[in-house]
Amino acid sequence: MASPTKQQELELLAINTIRTLSMDAVQKANSGHPGTPMALAPLAYLLFNEYLHYNPGNPHWPNRDRFVLSNGHASMLLYSVLFLTGFGLTLEDLKQFRQWDSKTPGHPEYGLTPGVEVTTGPLGQGVGNAVGMAIAQRWLAAHFNREGHEIVDYRVYAICGDGDLMEGVSGEASSLGGHLGLSKLTMFYDNNHITIEGATEIAFTEDVGKRYEAYGWNVLRVDDVNDLDSLRAAIAKAHAQQAKPNLIMVRSHIGYGAPKRQDTKEAHGEPLGEDQVRAAKINYGWPPDKTFLVPPEVESYMRLAVDRGAKLEQQWKEKYEAYRKAFADLATEWETMQAGHLPDGWDSKIPVFPADPKGMATRESGGKVENAIAERLPWMMGGAADLSPSTRTVIGTEPYFERETTGRNMHFGIREHGMGAILNGMSVSKLRVFGATFMTFSDYMRGSIRLAALMRLPVTYVFTHDSIGLGEDGPTHQPIEHLTALRAIPHLTVIRPGDANEAAESWRYAIGSAKGPTALAFTRQAIPTYDRSKMASAAGLHRGAYVLIESQNPEVILIGTGSELQLCVAAFEKLGQQGVKARVVSMPSWEIFEQQDEAYKQSVLPASITARVSVEAGSTLAWWKYVGTDGLTIGRDDFGASAPAKELFKHYGFTAEHVVEAALSVLERTKARV
Ligand SMILES: Cc1ncc(C[n+]2csc(CCOP(=O)(O)OP(=O)(O)O)c2C)c(N)n1
């Protein structure tokens with residue numbers, strides 16, 4: 001074999017720097033995952049040094065290539081490379097791996113570490129995110145590029161492991177990615193045959209390559225991750241075709257170079273121990289007693305990325321200036337979108353719904369409002385998991401996003417979890433996105449919703465059929481605990497509007513005000529549209545809860561949400577006829593209400609009125625927070641049944657009479673105490 005060239009020696013030195021920094025950081029933290037960074041260092045080196053277009057000086061440069069580390073436990077791989085390429089991480093940051101307040105947490109976190117495109121760790125999600133990013137890339141290119149003015153031409157790269165590809169969410173997203181032919185996406189599969197419990201053979205024996213071929217991906221194989229030329233050849237093949245997403249299956253050896261750890265499950269998630277760290281370093285030709293060693297020639301070589309990146313962005317900026325001159329309106333749109341702002345007048349078409357005792361389902365009113373916003377918000381995009389005729393979420397004027405077309409409607413297929421992860425990838429790409437399904441299936445996408453919340457992404461979920469009120473489909477389809485479970489997710493705003501005008505405000509909030517994801521809970525069944533000249537304005541929704549209607553000096557408060565608000569209004573009338581003074585509070589969103597100041601909260605739910613009844617067709621578990629120990633909750637803590645909605649409501653006590661009864665009983669209770 002020919003002796004290595006100077007360049008090859010430098011490359012190997014850089015790769016071993018990535019390896020040893022990762023090992024040392026894990027060892028110092030005495031916690032983390034050393035094995036995969038040691039194995040994948042050549043791939044990360046190659047991508048960041050030869051392929052990815054990025055600017056460390058501006059990690060937000062809009063036309064940068066995206067990189068997703070779906071196997072987020074290998075975070076040190078990414079941190080080492082981000083440090084070496086000059087993203088602003090310091091050696092000290094690496095030494096603080098997994099420590100309080102550091103920029104190098106256990107798993108990569110979006111918004112915390114420059115260069116981290118998405119939060120990963122829950123396996124499989126990153127694959128969905130990458131598919132979403134590739135969808136967004138294609139849409140943005142189609143929408144903004146003009147002949148001779150290609151301002152969007154980036155690629156999306158991802159690395160994933162066995163765990164990612166065992167998770168269902170990655171299969172869902174990959175299936176859709178293949179169907180759509182997302183050729184700008186190149187994903188590397190770290191085929192190392194090891195997971196936490198041992199060899200993958202214990203639970204994962206399918207032919208992954210064949211599976212991905214069946215999904216419609218271009219599958220390539222590299223026998224040894226250390227063979228940079230083979231990697232280069234595979235990437236060249238991937239880039240040469242424009243019909244399919246690429247899966248490059250790369251054989252690697254976890255814990256590479258550590259004599260007692262290589263190819264073992266222990267290498268996955270345990271620090272190597274001082275002995276094995278030393279032994280691996282000796283194998284790499286590294287000084288065994290030096291820690292966090294960065295050879296100066298490696299640092300200056302890898303830091304070339306800074307100048308390279310600045311030049312790339314500068315070239316793009318020149319291109320963009322020409323674009324701006326030629327297409328001023330599009331450029332304004334692009335800049336507004338990139339800044340995370342909304343176009344002027346984005347909400348000017350939102351309808352006001354006239355009072356109507358028969359009313360309409362909030363899925364219906366919600367659909368009209370969504371369309372009114374989409375008309376004025378060109379980068380709003382979304383779809384349903386094969387339920388759009390029921391969720392009413394199609395943007396009426398738009399084609400679909402398909403292999404050959406780039407409309408704003410998506411067919412996600414029956415893939416709720418995949419939809420959730422894809423939405424996150426689209427959202428970090430600056431699109432304003434929504435995804436719809438029946439509320440009961442929000443469970444299927446919960447993992448992705450939680451990550452949207454963790455990342456504070458302004459994704460909107462449209463969850464229709466939001467209670468037993470969906471009727472005949474029965475208990476499998478009737479959400480019970482879902483509202484409570486969704487409310488339990490930090491930074492997710494749940495809104496359950498009580499009539500068409502609240503539905504309008506709920507969308508206005510989701511697009512205009514939300515600082516994270518919003519779940520909109522819409523009914524299947526019609527509910528009355530209130531006469532707002534006689535009741536408070538639906539704009540009260542923006543305070544989470546508000547007094548809808550009341551008698552002077554009320555003694556009892558009826559709190560309702562969604563379809564049960566009408567029961568509170570009816571009970572209010574009946575109580576009035578009996579001389580009982582009540583207040584009806586519409587409480588579409590707990591989260592928004594919690595953000596109000598104490599004075600406002602007290603004005604809606606004064607401590608002095610402890611006679612309170614909540615009415616919501618779902619779990620009562622958390623309602624005690626608002627009704628207190630004197631109060632009563634009317635809800636449903638058991639599964640529903642298959643029957644017409646009206647009958648279910650009657651059987652389960654969702655009637656105005658029952659609300660009246662409860663109100664009288666809490667009043668009696670509180671009066672007895674006085
Ligand atoms: C959804 C989810 N389930 C479980 C885990 C815990 N977990 C972290 S890594 C891992 C094994 C991953 O194996 P592989 O992808 O082969 O990673 P490698 O061992 O190659 O680093 C598991 C089960 C997780 N992070 N996410």
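Read-outs throughout are calculated quantities, based only on the coordinates presented, and are distinct from any laboratory measurement. This one's a predicted model, so the numbers in the text were calculated from it and none came from an experiment. All Cβ positions, glycine included, derive from the backbone under ideal geometry; neighbour counts span all protein chains shown.
Annotations
- Calculated over the stretch 14-309: convex hull of Cα atoms, volume per residue (Å³): 120 Å³
- Spatially proximal lysines relative to Lys281 (Cα-Cα < 30 Å; intrachain offsets below 8 disregarded): Lys6, Lys28, Lys95, Lys103, Lys260, Lys265, Lys290
- Computed about the Cα centre, the dipole magnitude for the stretch 169-315 is approximately 480 debye when only Lys and Arg (+1) and Asp and Glu (-1) carry charge, each at its Cβ.
- The chain: angle of helix 168-180 to the longest principal axis, Cα-based, in degrees nearest 10: 80 degrees
- Phi to ³J(HN,Hα) by Karplus 6.51 cos²θ - 1.76 cosθ + 1.60 over the stretch 83-98, Hz, x for Gly, Pro: 5, 5, 8, x, 7, x, 6, 10, 4, 4, 4, 5, 5, 8, 3, 6
- Shape of the stretch 521-674, Cα gyration tensor, a/c cut at 1.5: rounded
- Cα-based shape type of the stretch 219-309, given that a ≥ b ≥ c are square roots of the gyration tensor eigenvalues and the cut on a/c is 1.5: oblate
- Shape class for the stretch 356-529: rounded, because the ratio a/c of the largest to smallest gyration tensor axis (alpha-carbon atoms, square roots of eigenvalues) is under 1.5.
- Ordering Cys568, Cys160 from the fewest to the most neighbouring beta carbons within 10 Å gives Cys160, Cys568.
- Under 29 Å from Lys325, Cα to Cα: lysines that are on another chain or at least 8 residues apart: Lys184, Lys311, Lys317, Lys430
- Karplus-derived 3J(HN,Hα) values for the stretch 583-594, using 6.51 cos²θ - 1.76 cosθ + 1.60 with θ = phi - 60°, are 10, 9, 9, 8, 10, x, 9, 5, 5, 5, 4, 5 Hz; glycine and proline are entered as x.
- For Thr610, residues with placed amide H under 5 Å, excluding near neighbours: none
- Using alpha-carbon coordinates, inclination of helix 656-673 to the longest axis of the chain, degrees: 80 degrees
- Dipole in debye (nearest 20) - the stretch 567-639, about Cα centre, beta carbon charges: Lys, Arg +1; Asp, Glu -1: 320 debye
- In the stretch 146-189, the GluC sites (Glu not before Pro) that fall in loop regions by DSSP, at most 12 other Cβ within 10 Å: Glu147
- Under conditions of 4 °C and 1.567 mPa s, the chain yields 48 µm² s⁻¹ as its translational diffusion coefficient, taking Rh as the Kirkwood radius over Cα pairs in the Stokes-Einstein equation.
- Whichever lysines have a C-alpha closer than 21 Å to that of Lys646, once near sequence neighbours (fewer than 8 apart) are set aside: Lys358, Lys574
- Angle of helix 416-428 to the longest C-alpha principal axis of the chain, folded into 0 to 90 degrees and rounded to 10: 70°.
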